[in-house]
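The values are calculated or read from the model by the stated rules, or taken from the named source; none is laboratory data. Quick caveat: nothing in here was measured; it's all calculated off a predicted structure. As a convention, Cβ positions derive from the backbone with ideal geometry for all residues, glycine included, and neighbour counts pool all protein chains shown. When the accessible area is computed, the model is the full protein with side chains, heavy atoms only, and any ligands, DNA or RNA have been set aside. Shrake-Rupley method; radii C 1.70, N 1.55, O 1.52, S 1.80 Å.
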Amino acid sequence: MDNDWKKPYIGLFLYAFLFIGVAFITASPAELLEGMQTIILSSDILITDYIELAGIGSAFMNVGLVMVITAILMYLNHMPIKSGNIVTIGLMSGFAFFGKNVFNMWFILLGTYLFCALRREPMAKYLLQSFWASSLGPLVSSTFFYQGNITVSSVFVSITTGLIIGFVTPVLTGYTQRLQHGLNLYNGGFATGLMAMMLTPILKAFGYEFNTVSIWSTDYTRTFLIAFIVIGIGMIAVGCYKDKYAFTNYKNLIRRPGNPVDDFLELDGIGAVLINMGVNIMVSAVVLVAVGGDINGPTIGGILTIAGFSVKGKHVKNILPVMLGIILSGLLRGEGAVITPAAQLALLFGTTLAPIAGTYGFAAGVVAGFIHSCVVLYAGAGYSGVNLYNNGFAGGLTAIVMYAVLSEFFRPREYSEPSESMKPKTEPEPVLDLSDLDLYE
């Protein structure tokens, strides 16, 4: 039996244990235990920065454990590490810094398992979508530990809510994808936003209250900035080392519009993708700090999400116009609007609209970022911060409206040609030598 699909899991588990290693370096076992308890018992509603809430050690421990669980479930379901998995790894590790934890994901996963059992389909078919659905983990946590108490009714409501989310969201993503025409990369965020818009009002009608919070760290920006620059340079170096065509292929990669159907890994190779990740990590971190932002749990989540989508969708040419539009909107609104926590998250997660810039041009990307930065402030009002992928939901609304207008007046730019070194090698057809034949025989 071919076991090649298992080899990349060595790197995935190393990635997970790297976070756990940092946790043990920065905190004692007793501090980690206490911090993990604090994380699990929190409501996790936006914005709950685990670094500020429980300390660096406990935040990194939660990320590491979430990633171990993610890796084990992928491995047990015999899932090769492809682009979709890498995107999901970026999402899971990123949001484990501010909302997803080792507790609030399980009922959602169980809901998807029940869906698969009913349909008699393998869990592998919907596992990634189930991971995306864990963006509604705050809805599970805030009901299970409602107002700091655990009651029979709160446990029942929490479990039922999680099962419904896990059961419905994976198939809902298939329908919402069609509405956005590939212009919003966070399709899972749009789907879970719709789920939150339904479930949260129902729970509110029965007496549950959900209040947004703002737990935000500002103490470690310089340390994390240096770390991200080092990581980015390292990834670029490894990319060049692994593939002698990496830089040439990267130049081809940044010509792509960023439609999520275009798999950079298959079209341009692992070397170009690593360069793309490294560049995107450094650019996003530097731009964030340049406008006066903070690098903390939530913004690390944004940077890791950008890194994940560097495999399919995002590159420096299509994320910068969107970022520029978001910054411009903040500057025009004044009063420090460009550096509020919500604006900082929009700056990073708003790059979900990168395909608009890649498909319809620089100006369209700037306009998309401008609109998104305003929409995202109020799009989640109906679900009170329980959807971690709030920018994905707002991005979906923006993409639907902008597609209707842009597609009427502009021709979309399409480019899906593989890099030269990634094209299949074909053997030249043999040339028939007629020199020795007597054609008059």
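General remarks:
- Sulfur and carbon atoms: percent of accessible area, the chain [1.4 Å]: 66 percent
- Debye-sum result for the chain in log10 I(q)/I(0), which assumes one identical scatterer on each alpha carbon, at q = 0.06, 0.14 Å⁻¹: -0.25, -1.37
- With each label modelled as a point 7 angstrom along the Cα→C-beta vector, the ALA30-LEU332 pair spans 5.6 nm.
- Cα gyration tensor shape for segment 1-119, rounded if a/c is under 1.5, else prolate or oblate: oblate
- With all protein chains in place and ligands, DNA and RNA left out, the 1.4 Å accessible area ranks GLU414, GLU209 as GLU414, GLU209, largest first.
- Acute angle (nearest 10 degrees) that the helix 390-409 long axis makes with the longest principal axis of the chain, alpha-carbon atoms: 40 degrees
- The simple Förster model, with R0 at 56 Å and r as the Cβ-Cβ distance, assigns ILE150 and LYS244 a FRET efficiency of 0.45.
- Descending Cα extents along the principal axes, segment 241-385, whole Å: 48, 31, 28
- Förster radius 41 Å - calculated FRET efficiency between VAL401 and LEU225 (Cβ-Cβ, nearest 0.05): 0.70
- Of the residues ASP44, ASP4, ASP294, the one with the largest accessible area comes first in the ranking ASP4, ASP294, ASP44, computed with a 1.4 Å probe on protein heavy atoms.
- With DNA, RNA and ligands ignored, accessible area of LEU225 (1.4 Å probe; Å², nearest 10): 40 Å²
- Note on the chain: with a GNM built from Cα contacts shorter than 10 Å, the maximum mean-square fluctuation among MET277, MET74, MET105 falls on MET74.
- One chain, two ends: ASP4 and THR218. Fully extended at 0.36 nm per residue, the span grows by 72.7 nm beyond their Cα-Cα distance.
- Helix content alone sets the calculated 222 nm mean residue ellipticity of the chain: runs of n ≥ 4 DSSP H residues at -39500 (n - 2.57) each, divided across all residues, give -21500 deg cm²/dmol.
- Between the alpha-carbon centres of segment 67-133 and segment 197-220 there is a gap of 23 Å.
- Residue of LEU347, LEU14, LEU324 that the Gaussian network model of the chain assigns the largest fluctuation, springs spanning Cα pairs under 10 Å: LEU14
- Within the full protein context, the accessible area of TRP216 is estimated at about 40 Å² for a probe radius of 1.4 Å.
- Solvent exposure of the chain as accessible area per residue, Å², 1.4 Å probe: 45 Å²
- Over the chain, relative contact order from alpha-carbon pairs under 8 Å, at least 6 apart, %: 19 percent
- Heavy-atom accessible surface of THR192, to the nearest 10 Å², is about 0 Å², with a 1.4 Å probe and all protein chains retained.
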